[in-house]
Amino acid sequence: MTLLDQYINVRKYTEEICRLLHPEDHVPQPVPFVSPPKWHLAHTTWFFEEFLLKPHLPGYNVFNEDFSFLFNSYYNNVGKRVLRANRGAITRPATSYIIEYRHYVDMHMELLLQTKAAHPDIHSLIELGCNHEQQHQELLFTDIKYILSCNPISPIYNEDITWENQHNIEDGFVTIDEGVYEIGFTGEGFSFDNEHNRHKVYINSFEISRSLVTNGDFIEFINAGGYHNFNLWLDEGWSWVNENKITSPLYWHKAESGWQYFTLSGMQDIDPDAMLTHISFYEALAFAEWKKMRLPTEAEWEVASAEFAWGRRWEWTHSAYLPYPGFAKPEGAVGEYNGKFMINQMVLRGSSCATPEGHARSTYRNFFHPDERWQFNGIRLVKL
């Protein structure tokens, strides 16, 4: 596949995700950590315009001067921006105008790709832009789910999506011998800067589960009073539980007939054998404590990943998001992509049911704050 083909496919898929939405679905922002679909459509387009067309396509005319302010996410090097919590207030320009913007930028990007794609710097920036948009495609699914979950009639996004009901295909534990291993990206193909540099780590022998924790496993934790036993929780996690009155995973509801959860295909009875999802780091750690086990470190996860199936839930690790040895941020705005977030966040490994095809790697380092759980994340345990 050529880089032009990759670009076209990625851009089309973003619009395909939004095609099932009503116009009104594109605007709401019920909480600050969720962005409106319209904003995703515009921001991913702004990325190509700002970092590729403006500096590298001679004679390019910016589509709308206001968009650099409206749809910049967190790039201080680029200029001022709308506060994240206020993205839902951008009712105008209309979504239809944003689609015009996308097509305008696509037309000029295809011209750039046809004339300058072989240039190493431009090629790497386009690859970054495509992978950046794939990240937003996953965020689109999770943000759409959260937005629709706030609607009291529990609307259906797509009745054919049954991700919440995915089952494990393996069981038991695998033993990894102690020794010195290498982790981090190596080889050909795209990778993010936070996956570098490849380096050696020493790991003690450990046993890691081939399967992820299921809904049924977590119901046992709830029934055993897991959300009421402070001995299972980190102090910060216990404060989070009490301040937010947390009594179950996100989207779970206790009905007369039993537990139900909101899914992209509407409200459903919980499948006890399906893999648990939408869980915070705090909950994952408390569950592990209750099971008298622990979470893997990210190094352990990467070393062991060839021994088990992964890719349907982002998996919490007990590793803080920190730079690898020798990591250096690139100069300019692109350097803001990952490095400045290396504080107060935990690493998740693998990928999820919402991750676009071709976007997953065993070296991929996802990261979120420990209380965040609107992504499709889950729990894999290690024996003490």
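The values are calculated or read from the model by the stated rules, or taken from the named source; none is laboratory data. All figures in this text were calculated on a predicted structure; none of them were measured in a lab. Quick reminder, even Gly has a Cβ in these numbers, built from the backbone with ideal geometry, and neighbours come from all protein chains shown. Protein only, heavy atoms only, side chains kept; ligands, DNA and RNA dropped before computing areas. Shrake-Rupley method; radii C 1.70, N 1.55, O 1.52, S 1.80 Å.
Put a plus charge on the Cβ of each Lys and Arg, a minus charge on the Cβ of each Asp and Glu, and nothing anywhere else: the dipole of the stretch 1-74 about its Cα centre is then about 120 debye. Under 17 Å from a label point set 7 Å out along the Cα-to-Cβ vector of H199, the amide N atoms of the stretch 293-314 belong to 297-303. Taking only Cα atoms and a 10 Å spring cutoff, compute GNM fluctuations for the chain and point out the largest among T247, T355, T297. Most flexible of the set in this elastic network: T247.
Our estimate of slack between A117 and V82, defined as 0.36 nm per intervening residue step minus the Cα-Cα distance, is 9.4 nm. Relative to the longest principal axis of the Cα atoms of the chain, the long axis of helix 281-290 lies at roughly 20 degrees.
Helix 95-116 and the long axis of the chain differ in direction by around 70°, with both axes built from C-alpha atoms.
With a Förster radius of 41 Å applied to the C-beta separation of I99 and I153, the computed FRET efficiency comes to 0.90. Solvent-accessible area of I156, all protein chains in place: 100 Å² (probe radius 1.4 Å, heavy atoms, ligands and nucleic acids excluded).
Along the axis of the charge dipole computed for the stretch 1-78 (Cβ charges of +1 for Lys and Arg, -1 for Asp and Glu, origin at the Cα centre), the listed residues Y74, Y7, L57 are led at the positive end by Y7.
Measuring only protein heavy atoms, the 1.4 Å probe finds Y146 accessible over about 40 Å².
What's the longest bit of the chain with no exposed trypsin sites (Lys or Arg not before Pro), using DSSP loop states and at most 11 other Cβ atoms within 10 Å as the test?
81-244
When Rg and the Kirkwood Rh are both derived from Cα coordinates, the Rg/Rh ratio for the stretch 1-78 amounts to 1.00.
Using the Cβ-Cβ distance between N229 and D371 with R0 set to 25 Å, the FRET efficiency from 1/(1 + (r/R0)^6) comes to roughly 0.85.
For the stretch 289-371, the list of GluC sites (Glu not before Pro) that fall in a loop by DSSP and count at most 11 other C-beta atoms within 10 angstrom reads E331, E357. Ellipticity at 222 nm from helices only: DSSP H runs of n ≥ 4 in the chain, each -39500 (n - 2.57), divided by the residue count, give -10000 deg cm²/dmol. Charges were assigned to the Cβ only: +1 to each Lys and Arg, -1 to each Asp and Glu. The resulting dipole of the chain about its Cα centre is roughly 740 debye. Across all C-alpha atoms in the chain, the radius of gyration and Dmax reach 21.5, 66 Å.
Annotation note: GluC sites (Glu not before Pro) in the stretch 189-262 located in DSSP loop regions with a Cβ neighbour count of at most 10 within 10 Å are E256. Think of the stretch 197-273 as having a plus end and a minus end, set by charges on the Cβ of Lys, Arg, Asp and Glu; of Y227, I203, W259, I203 sits farthest toward the positive end of this dipole. In this structure, H253 and E182 have a Cβ-Cβ separation that, at R0 = 56 Å, corresponds to a calculated FRET efficiency of about 0.80.
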